[in-house]
1. If each residue of separation counts as 0.36 nm, what is the full-extension length gain between A:SER352 and A:LYS131 once their alpha-carbon separation is subtracted?
2. Using θ = phi - 60° and the Karplus form 6.51 cos²θ - 1.76 cosθ + 1.60, what ³J(HN,Hα) does each residue of region B:119-127 get, whole Hz, x for Gly and Pro?
3. How much length is gained on full extension from A:ARG147 to A:ASN165, taking 0.36 nm per residue of separation minus their Cα-Cα distance?
4. Counting Lys and Arg as +1 and Asp and Glu as -1, each charge on the Cβ, what is the dipole of chain B about the Cα centre in debye, to the nearest 20?
5. Given H placed on each backbone N at 1.01 Å, which residues far from B:ILE216 in sequence or on other chains put an amide H within less than 5 Å of it?
6. Check which residues have an amide H placed less than 5 Å from B:GLY170's amide H, if you skip close sequence neighbours.
7. Towards the positive end of the charge dipole of region A:95-266, with charges on Cβ (+1 Lys, Arg; -1 Asp, Glu), say which of A:VAL156, A:SER189, A:VAL250 has the farthest Cα.
8. Quick one: if you stick a label point 7 Å off each Cα along the C-beta vector at A:ASN124 and A:ILE199, how many nm between them?
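The values are calculated or read from the model by the stated rules, or taken from the named source; none is laboratory data. None of the values given here were measured: they were computed from a predicted structure. Here Cβ is always computed from backbone atoms with ideal geometry, including for glycine, and neighbour counts include all displayed protein chains. Side chains included, ligands, DNA and RNA excluded: accessible areas come from the protein's heavy atoms. Shrake-Rupley method; radii C 1.70, N 1.55, O 1.52, S 1.80 Å.
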Amino acid sequence: MKRNNYNINSYISTTYVISQRRLTLIASLGVTIGIAIYIFMISLSSGVDRFSTASIFKNTSHIKIYKNEKISAPLIDNDGKNIGVIINPRIVPESDRIVNPLQLIDLLNRQTSVQSVSPQVSANVFYAAGKSQISGHIVSINEEADRMFNIGSTIVEGSMEDMHNTANGIIPGVGVAEKLNARLGDNISITSSRNVTKILKVVGLFSTKNQGTDDTKSYVNMPVAQQLLAEGPDYVSVINVNITDYDKAVSVARHFSFLTGYDAEDWITANESTVASEDMRALLFSAISFSILLVAGFGIYNILNMTIKQKIDEIAILKAMGFQGKDVIRIFVQQGLIIGLIGMLLGVILSSILIFLVSKVYIGGDIGFFPVVFEFSIFAEGLLFGLIITICAGYIPARKAANVDPVAILRK
Amino acid sequence: MPSEPVLQTDKIIKYFHEPVKFKVLDGISIAINRGEFVSLVGKSGSGKSTLLYVLSTMDTDYEGRLKIDGETITGQKQNSLATIRNEKIGFVFQFHYLLPEFTCLKNVMIPALRLGKYSYREIEEKAYHKLEILGMKEQALKLSSKLSGGQQQRVAIARALINDPLIIMGDEPTGNLDSKNTDIVFDIFRQLSQEEKQTILVVTHDNDFAQKSDRIIEMKDGGINMRL
Ligand SMILES: Nc1ncnc2c1ncn2[C@@H]1O[C@H](COP(=O)(O)OP(=O)(O)O)[C@@H](O)[C@H]1O
Ligand SMILES: [Mg+2]
């Protein structure tokens, strides 16, 4: 029955917004600051999170499969009732090995959740430097490991190629090389805890910009690592597995442990304190930014409350002339929405500028530029919260206005 | 076929509870026909305004029955009452109650835009026409807050007329006007009732004004004074 699409409610709320330019602007700026801080803080927090997760994955695979050392169990089951059994628990010798690792790798590779599998042998060693010795560790390297941990990108001298072509090659960290005064092509001598000594040729140097790693770690080929431990070619200390969705690592690891009969440790459990502090920081950031957004909501609530108090006579006459409660609600919710949307638009611009500026801040070390993310989903989330708060901040006073009794106002 | 009254009440009773319970309307039964120009008079406090607000459908807290245009109003929901007011009733109060941030033209257009029966252009044209009837066409594009009191009241009357309502109700609409403006308003009401067959019900303290109208209803202590 409506012959025109002209929306009188919109017209009224727009007029109110325009005639209260200054107040509108102030309330909008409140929203701008709220939205900008929200988006900016969450972007920072996600950036730092992503960086710290990425640095975990430089050394840790999503899931690590290994054989835990076993403690010898008493021969008689001690149910603690009658017999006091004297036991002398020890580590069972030779228990820390994965039997038939090739078959296990094959089994893992067949799982749909698996992206890549890489066996690894690692050992603690001493690097011989003149008369003194430097302690450190060696880790076996192969093509899968290179891909998994992106080792190639940390090579600063020499190359991965040379490593594959040189059976007794070694790639020490820059710190190790410096302490040993070793250059590309030099030979260095390392001794393992099993007292095996090997002379290895430096075919490359790596730098992770993390001093603790660069000063102790070296990569060697798998057979060298096995020989240093006095083990045969089927010895593997750990099988590293990367899966397609690392957020599911906990449940996938549980499944692998069941599947293989070995221990399977996911990266989240392995880095519990790091992950926990990440979660805590994310929660803190969200709480702070959400509170700021709420304060911005109060700005809108305030201006609408004021408008409604000021315009109570106008609301009464509109109702007398046939405006329904829902028309009045629309008028004021829309006024709130206009204020909120202006604020949100400016907030998106402001937060983009802030993120851009911070992403140009150079921190150095293995961090480089400040790790901040520029992500649509964070903006969308900020705008969604902004919208919800705006609508609530508009609706509460608007409902009060809708319930105004025109008789009480007009007969004064 | 005798035409049904436009406005009809059956024993309307209303109480106020504050500060003490008292009967402000005591069984009001009236019937007003189409095109009648009726003045509602009586001493201050006799219940004229209270009755008018009940008749306007805005006050629903009463006993008895109210019919407008043959339709029973009593018991209807707020939203349908709002629609009835929008379509069938035009109001003029002692104070103009114009929206100060809007032009006179827009103020007049608002009830019609709410009703949405005509296109925007048609509504604008009608609004100009109503303003012209009240001699306010020249001021159409001025903000309503920039006019004199008499001019504002005339714009408020134009606004009450925009939807060509069946009934025009006024609570002392000339109360704040000088005699010249009062005469203008009277003539317009007279013309609307005679030529447009619109029904006029006006509360007034102005004896001349009341005497010139078609019928006077006098209230006394919440009832109709049958002296006339
Ligand atoms: N909201 C109210 N609460 C209590 N009493 C009221 C209220 N409004 C009006 N009254 C009383 O009701 C009586 C009738 O008032 P009213 O209808 O305004 O009279 P009139 O318009 O004829 O001067 C008066 O005694 C007035 O004091
Ligand atoms: Mg009165």
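1. Net length gain for the segment: 73.8 nm.
2. 6, 4, 4, 4, 5, 4, 4, 4, 4
3. 4.7 nm
4. Computed about the Cα centre, the dipole is about 260 debye.
5. B:SER39
6. Here B:VAL92, B:LEU201, B:VAL202, B:VAL203 satisfy the definition.
7. A:SER189
8. Once both label points are built, they end up 2.8 nm from each other.
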